[in-house]
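Undergrad: Take a look at this one; I'll ask things after.
The values are calculated or read from the model by the stated rules, or taken from the named source; none is laboratory data. Remember, it's a predicted structure, so these values are computed and weren't measured experimentally. Here the Cβ is made from the backbone with ideal geometry for all residues, glycine too, and neighbour counts use every protein chain on show.
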Amino acid sequence: MPQLTNKNVVVIGGSGGVGLRIVEAGIRNGARVLAVARHEAPLRQLIQQVPGAEALSLDAADEAAPAKVFDVLQPDILVVSAGAFPPSAPLFKQSWREFAVNWETDVKIAFHFCKAALSRPLPAGSSVILIASGAALAGSPNSGGYAGAKRTQIFMANYSQKESDRLGLGLRFMALAPRIMPDTELGKHAVAGYSRYLGISEADFVQSMAAPPSALDVATAVVELATNPDQAKGKVFIVSGKGLEAAA
């Protein structure tokens with residue numbers, strides 16, 4: 001039997017990149033899957049590309065977004081993958097608006113959905129997985145506030161877990177910190193920016209990366225975490241091309 005049979009999976013930011021691969025993995029593993037994204041055109045394409053997937057178009061950064069999503073499909077597994085492309089320039093060449101873009105998107109979306117999961121609350125046994133970034137652990141001097149925003153998502157997973165435990169809600173909150181994925185648009189953006197920053201070719205930069213993950217590796221890690229209740233709660237897990245491992 002597929003691993004996610006009879007499970008409801010909601011993927012915030014599910015129309016492309018890692019989110020799309022998670023949608024595909026959910027369908028492949030027998031789940032009912034709702035992909036949520038801002039723009040309708042990519043969602044229409046997803047529906048054609050992934051038979052059985054459902055779609056909802058809205059701005060996930062809006063405070064009312066979680067209630068609208070949960071009214072359509074109450075998730076057993078909620079994956080928050082949405083976010084903005086970070087700037088690609090050293091700190092002193094950025095405006096505050098550029099520097100803060102991931103705080104106003106990635107962090108804001110995670111805040112609203114973690115808050116809603118706790119206050120609604122989602123049913124006991126539900127899992128909430130935030131897609132952060134390896135930059136949250138290692139820093140990223142060429143992408144403004146991105147690393148700090150992603151680190152805050154990790155803190156939020158931990159804080160939310162503490163609240164679930166304190167209130168006896170029985171929820172599981174986790175964060176994934178994938179390293180740069182050269183097969184995604186975000187990964188290509190990062191590779192291009194850092195190769196310029198370091199003055200090397202994109203091919204040489206990719207070559208210098210130790211076992212970079214693919215978007216499929218991250219989707220596989222999401223399924224593994226969601227289906228393994230023995231995995232630690234409130235923790236962060238690194239995803240590389242070698243697989244899933246708990247961060248120290």
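Undergrad: Just to verify a result, which residue in the stretch 186-234, among those that are under 20 Å from ILE12 (Cα atoms) and in contact with a strand residue (DSSP E or B) (Cβ under 7 Å, 6 or more places away or on another chain), is surrounded by the fewest Cβ atoms within 10 Å (Cβ to Cβ)?
TA: Result: GLU224.
Undergrad: Would you list the strands (runs of 3 or more DSSP E) that sit entirely within the stretch 172-248 and hold 2 or more residues that are in contact with a Leu (Cβ under 8 Å, 6 or more places away or on another chain)?
TA: Filter on the stretch 172-248 gives 172-178, 236-240.
Undergrad: What number of residues within the stretch 160-200 satisfy the criterion of being of a type in the set (Ser, Thr, Tyr), farther than 26 Å from GLY16 by Cα and out of contact with any Cys (no Cβ under 7 Å at 6 or more places or on another chain)?
TA: Residues meeting the conditions: 2.
Undergrad: Another question, if that's okay. In this structure, does ARG179 turn out to be among the basic types (Lys, Arg) and modelled with pLDDT of 95 or more?
TA: For ARG179, the condition - among the basic types (Lys, Arg) and modelled with pLDDT of 95 or more - is not met.
Undergrad: Right, here's the next one. Against the definition (in a loop (DSSP other than H, G, I, E, B), more than 30 Å from GLY139 (Cβ to Cβ), modelled with pLDDT of 95 or more and within 17 Å of the chain's Cα centre (by Cα)), how does PRO75 come out, yes or no?
TA: So PRO75 passes the test.
Undergrad: Give just the number: which of (1) outside any strand (DSSP E or B); (2) crowded, with 20+ Cβ neighbours inside 10 Å; (3) within 15 Å of the chain's Cα centre (by Cα) does PHE85 not satisfy?
TA: Looking at each condition in turn, PHE85 falls short on (2).
Undergrad: Looking at the stretch 99-115, I want the residues that are over 18 Å from ASN142 (Cβ atoms) and have a partner that is among the β-branched types (Val, Ile, Thr) and surrounded by fewer than 24 Cβ atoms within 10 Å (Cβ to Cβ) with Cβ atoms under 6 Å, at least 6 apart or on another chain. Which pairs are those?
TA: VAL107/THR152
Undergrad: Considering PRO66, PRO121, which residue is over 18 Å from the mean Cα position of the chain (by Cα) and either crowded, with 16+ Cβ neighbours inside 10 Å or not in a helix (DSSP H, G or I) (or both)?
TA: Answer to the check: PRO121.
Undergrad: What's the number of the only condition in (1) in a helix (DSSP H, G or I); (2) out of contact with any Phe, Trp or Tyr (no Cβ under 8 Å at 6 or more places or on another chain); (3) more than 23 Å from GLY241 (Cα to Cα) that MET156 fails to meet?
TA: (2)
Undergrad: Name the single residue that is modelled with the lowest pLDDT among those in the stretch 1-32 being among the hydrophobic types (A, V, I, L, M, F, W, C) and more than 12 Å from ALA226 (Cβ to Cβ).
TA: Restricting to residues being among the hydrophobic types (A, V, I, L, M, F, W, C) and more than 12 Å from ALA226 (Cβ to Cβ), the top hit is MET1.
Here is a yes/no grid of residues against (1) under 15 Å from VAL218 (Cβ atoms); (2) aliphatic (A, V, I, L, M); (3) touching a residue at least 12 places away in the same chain (Cβ under 8 Å):
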position: LYS7; (1), (2), (3): no, no, yes
position: VAL11; (1), (2), (3): yes, yes, yes
position: ILE27; (1), (2), (3): no, yes, yes
position: GLU40; (1), (2), (3): no, no, yes
position: PRO51; (1), (2), (3): no, no, yes
